[in-house]
Amino acid sequence: GPADAKVTVIEFFDFRCPGCKAVAPDYVRLIQAHPDVRFVFKDWPILDRGDDAVSHYAARAAVAANQQGKYLEVYEGLMAEPSLDEAAVDRVLVERGVDLARAKAAMASPEVAAHLADIQTAAMAFRLVGTPTFLINGEATTGIAPQEVLQAIEAAKAK
C-alpha cells in the first residue's frame, strides 16, 4: 500500500507458525481488498530450536525474494507448505521465479542479518510474545482472526 496510507497494518510472523499459516490466505485477501492500506510484513523467526534453524532460513529467503520483487509470491508459497525444511524453501523460491543463486548470496549477506535483527529489536520494543501479531497503526489486535484485523482496519479508517 501507499507509504502515506492512513492505516498501516504490520504482521509479525514465523513461516513455521501454525497460526500464521492458518490466517495467511485471508490476510492476503485483506491486502487485495484494501489497496489504500499499507501492509508491512515482519519476518520474525522465533520457532527455531538448537540446530534447527529453518525459521531463520525461510525468513532470510523471503527477504532475498523481496530484493527480486517476489516477496508476496514467496510468502504465499512458504505459508502454503505444511512442513518447511531448507529443500522446501529452496523449491518455493524457484517455483515462484526467484533466482536461487542470487537469493542464496543475499541470504548470507550482513544486510539481511541486520534486517532480521532489526525486526527482533522491534518485536521486543512492542513486547511481543508470539506470532502472529498484528499491529494496526501501532496498536495490537486482541486476536489473530482475519475478521478482527478487518474490524481494526475499519476502525482506524473511521478515525
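The values are calculated or read from the model by the stated rules, or taken from the named source; none is laboratory data. Quantities reported herein were computed from a predicted structural model and do not represent experimental measurements. When we count neighbours, we look across all protein chains shown, and the Cβ atoms used for this are built from the backbone with ideal geometry, even at glycine. Heads up: the accessible areas ignore ligands, DNA and RNA and are worked out on the full protein's heavy atoms, side chains in. Shrake-Rupley method; radii C 1.70, N 1.55, O 1.52, S 1.80 Å.
Computed values, structure above
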| item | result |
| --- | --- |
| Cα gyration tensor shape of segment 51-112, rounded if a/c is under 1.5, else prolate or oblate by comparing a/b with b/c | oblate |
| Formal net charge of residues neighbouring H56 (Cβ-Cβ distance under 11 Å; K, R +1; D, E -1) | -3 |
| Calculated FRET efficiency for the pair E86/K159, C-beta based, R₀ 35 Å, to 0.05 | 0.20 |
| Over 22 Å (Cα to Cα) - which of K70/K159; K21/K42; K6/K42; K6/K70 fall in this group | K70/K159; K6/K70 |
| Estimated distance in nm for a label pair at D26 and K104, the labels positioned 7 Å out from Cα along Cα-to-Cβ | 3.9 nm |
| For the chain, fraction of C-alpha pairs farther apart than 22 Å, in % | 40 percent |
| Choice from D52, D85, D26 showing the highest fluctuation, given a GNM over the chain with Cα pairs closer than 10 Å | D52 |
| Using alpha-carbon coordinates, inclination of helix 110-125 to the longest axis of the chain, degrees | 40 degrees |
| 1.4 Å probe accessible area per residue over segment 20-67, in Å² | 44 Å² |
| Accessible surface of segment 1-113, 1.4 Å probe, proportion on carbon and sulfur as whole % | 52 percent |
| Cα gyration tensor, segment 82-159 - rounded (a/c under 1.5), prolate or oblate | prolate |
